[in-house]
Amino acid sequence: MPFVSCLECARCGKQLDAGKLANLCECGGPLVARYELHRVAVRRMRERLASRPPTLWRYREVLPVNQESSVVSLGEGFTPLIHAERLGRKLGLQNLYLKDESANPTGSFKARGLSVAVSRAVELGVKKLVIPSAGNAAGALCAYAAHAGLEVAVFMPEATPAANRLECALMGAEVILVPGSIKDCGQAARERAGKGWFDVSTLREPYRLEGKKTLAYEVMEQLNWRVPDALVYPAGGGTGLIGMWKAFGEMHQLDWIGERRPRLFAVQAAGCAPIVRAFAEGAPSACEWKDPQTIASGLRVPSAIGDFLMLRAIRETNGAALAVEDAAMLEAVKELAETEGIVTSPEGGATLAGLKRLLADGLLAGYETVVLFLTASGYKYLEVLETLDLGRSAKRHDEN
Ligand SMILES: Cc1ncc(COP(=O)(O)O)c(C=O)c1O
């Protein structure tokens with residue numbers, strides 16, 4: 001592996017050999033990949049980007065895969081960053097951008113982490129993968145595993161949207177529906193992992209984070225390397241948020257940016273907001289949220305292994321964690337569709353609902369450059385969209 005130097009525990013700092021298959025550190029902390037960022041080839045990556053294909057693999061010097069032949073790709077990443085002029089005008093924001101992640105394989109940003117994790121697993125000889133998932137991560141894993149010819153077992157909450165259940169079954173995975181939340185699925189998946197399957201739970205597997213961090217490299221490339229003022233992210237397990245924070249740290253070490261970072265805002269659902277509560281209490285980590293309830297399945301995460309990292313990222317960047325109601329998310333989904341032509345998921349809607357709160361509370365100002373992460377396609381949530389009152393849109397044709 002030319003540029004990865006080691007895996008480092010985010011809790012105790014212990015360094016491990018990155019050449020071996022790994023899940024957590026023995027202290028229970030998540031492992032993160034570190035790179036030799038002083039190497040000339042890494043420092044000059046930016047100059048080579050123009051000639052590279054439009055996928056996240058264009059940032060290969062800061063990704064953990066050794067051999068190009070190990071890369072399992074379906075064209076993920078380099079999704080559009082859309083200047084939302086109409087919506088921005090309504091909100092009094094001149095520089096509002098939407099990162100439309102529905103353009104990824106299987107329609108969500110989960111493709112990023114799972115393309116990288118599956119590629120690295122292939123490189124290390126893994127044949128059987130197990131995942132607990134709120135839905136989109138499982139869909140993405142099944143796609144890359146099918147492409148690479150690997151076996152997959154998926155543990156999903158019973159309430160997972162039909163599109164996620166069906167796509168996994170369609171791609172040949174063993175799909176197990178678990179009564180309860182993603183936390184219960186995690187326990188079931190870990191039992192399976194004890195029987196020789198590799199656990200690719202987010203942050204228990206080190207390389208999904210690397211795939212997710214490419215969101216930040218992309219936003220920076222698409223903004224011509226100008227650091228935006230604020231990133232608004234719908235946070236469940238928080239891997240994308242933590243990944244972007246890590247990526248900005250790397251870009252600083254590469255001397256591509258100075259000290260200034262975008263402020264990181266995590267939006268959660270009012271019915272499942274453990275990070276918001278911990279942020280408000282000034283706590284370094286979060287307590288489990290009892291009875292998580294929200295239509296945004298990706299935000300139904302009652303406890304996250306990376307809670308302490310999310311809180312650190314938000315505080316270090318002078319951001320905030322805030323909760324929005326399901327009704328506000330749905331309204332926002334409709335508004336994004338009507339004003340910008342993007343059919344996003346409730347999690348994507350949460351970012352716009354959150355942005356409105358941030359503007360109302362004076363935490364963001366009209367001149368700032370803001371990026372909302374629309375993490376999945378609304379087409380995967382038809383059950384939720386059907387609950388919207390779309391009134392005039394669906395009139396029956398009158399034959400007379
Ligand atoms: C559409 C969508 N948005 C956001 C999230 C939350 O992502 P993260 O775990 O990075 O916080 C998920 C997770 O399942 C998701 O499916």
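Quick note: the coordinates plus some simple rules give every number you see, no bench work behind them. This structure is a prediction, so every number in the text was calculated from the model and none was measured. Cβ coordinates were reconstructed from backbone atoms using ideal geometry, including for glycine residues, and neighbour counts include every protein chain displayed.
To check you understand DSSP bridge types, tell me what percent of the beta bridges within the chain (both residues inside) are antiparallel, rounded to 5.
In the chain, DSSP labels about 30 percent of beta bridges as antiparallel.
In region 1-160, Cα pairs under 8 Å separated by at least six residues give a relative contact order of 17 percent.
Working from Cα pairs under 8 Å separated by at least six residues, relative contact order for the chain is 17 percent. Remark: region 251-400 carries a charge dipole of roughly 300 debye about the Cα centre, counting +1 on each Lys and Arg Cβ and -1 on each Asp and Glu Cβ. If R0 is 60 Å, the Cβ-Cβ spacing of residue 187 and residue 396 corresponds to a FRET efficiency of close to 0.80. Averaging Cα coordinates gives a centre for region 339-361 and one for region 92-134; these two points are 21 Å apart.
Which value in deg cm²/dmol, rounded to the nearest 500, describes the helix-derived mean residue ellipticity at 222 nm for the chain, given -39,500 (n - 2.57) per DSSP H run of n ≥ 4 and division by the residue count? Calculated from helices alone, the mean residue ellipticity at 222 nm is -11000 deg cm²/dmol. For region 311-387, chymotrypsin sites (Phe, Trp or Tyr not before Pro) are listed when DSSP marks them as loop and at most 11 other Cβ atoms sit within 10 Å of their Cβ; the list is 367. Dividing the C-alpha radius of gyration of the chain by 2.2 N^0.38 Å, with N its residue count, gives 0.94.
Around the amide H of residue 129, modelled in the peptide plane, lie the amide H atoms of 151, 152, 153, 198, all under 5 Å away and 5 or more residues distant in sequence or on another chain. Taking the Cα centre of the chain as reference, the dipole from Cβ charges on Lys and Arg (+1) and Asp and Glu (-1) amounts to some 880 debye.
When only Cα pairs below 8 angstrom with a gap of at least 6 residues are kept, region 259-385 shows a relative contact order of 25 percent. Karplus-based coupling profile of region 146-152, in residue order and whole Hz: 4, 4, 9, x, 9, 8, 9, with θ = phi - 60° in 6.51 cos²θ - 1.76 cosθ + 1.60 and x standing for Gly or Pro. In order along region 48-62, the Karplus-derived 3J(HN,Hα) couplings, from 6.51 cos²θ - 1.76 cosθ + 1.60 at θ = phi - 60°, round to 8, 5, 4, 9, 9, x, x, 10, 5, 6, 5, 9, 4, 5, 10 Hz, and Gly and Pro are given as x.
Modelled label positions at residue 151 and residue 280, each set 7 Å beyond Cα in the direction of Cβ, lie 4.7 nm from each other.
Extension gain residue 158-residue 17, at 0.36 nm per residue separation less the Cα-Cα distance, in nm? The partial results should precede the final answer.
Numbers: separation 141, 0.36 × 141 = 50.76 nm, distance 3.79 nm.
Stretched fully, the residue 158-residue 17 segment lengthens by 47.0 nm.
Among the GluC sites (Glu not before Pro) within region 143-250, those in coil by DSSP and having at most 15 neighbouring Cβ atoms inside 10 Å are 158. Counting 0.36 nm for each residue step from residue 259 to residue 174 and taking away their Cα separation leaves a gain of 25.9 nm.
Centre-to-centre, using Cα atoms only, region 254-287 and region 54-82 are separated by 27 Å. Computed over region 110-248, the alpha-carbon pair-distance distribution with 10 angstrom bins reads 13, 42, 32, 12, 2, each value a whole percent. Database remark: amide H of residue 272 closer than 5 angstrom to the amide H of 293 (H placed geometrically; neighbours at sequence offset of 5 or more, or on other chains; Pro and chain starts carry no H).
Extension gain for residue 388-residue 360 works out to 7.6 nm (0.36 nm per residue, less the C-alpha to C-alpha distance).
Output needed for region 16-170: three equivalent-ellipsoid semi-axes, defined as square roots of 5 times the C-alpha gyration tensor eigenvalues, in descending order, whole Å.
The equivalent ellipsoid of region 16-170 has semi-axes of 28, 25, 16 Å.
Please find the FRET efficiency linking residue 252 to residue 128, where r is the Cβ-Cβ separation and R0 is fixed at 30 Å, and quote it to the nearest 0.05. Calculated value: 0.20. Among 13, 362, 92, which one shows the highest mean-square fluctuation when the chain is modelled as a Gaussian network with alpha-carbon springs under 10 Å? Of 13, 362, 92, the most mobile in the Gaussian network model is 362. The H on the amide N of residue 303, modeled in the peptide plane, is under 5 Å from the matching H of 289, each at least 5 residues off or on a different chain.
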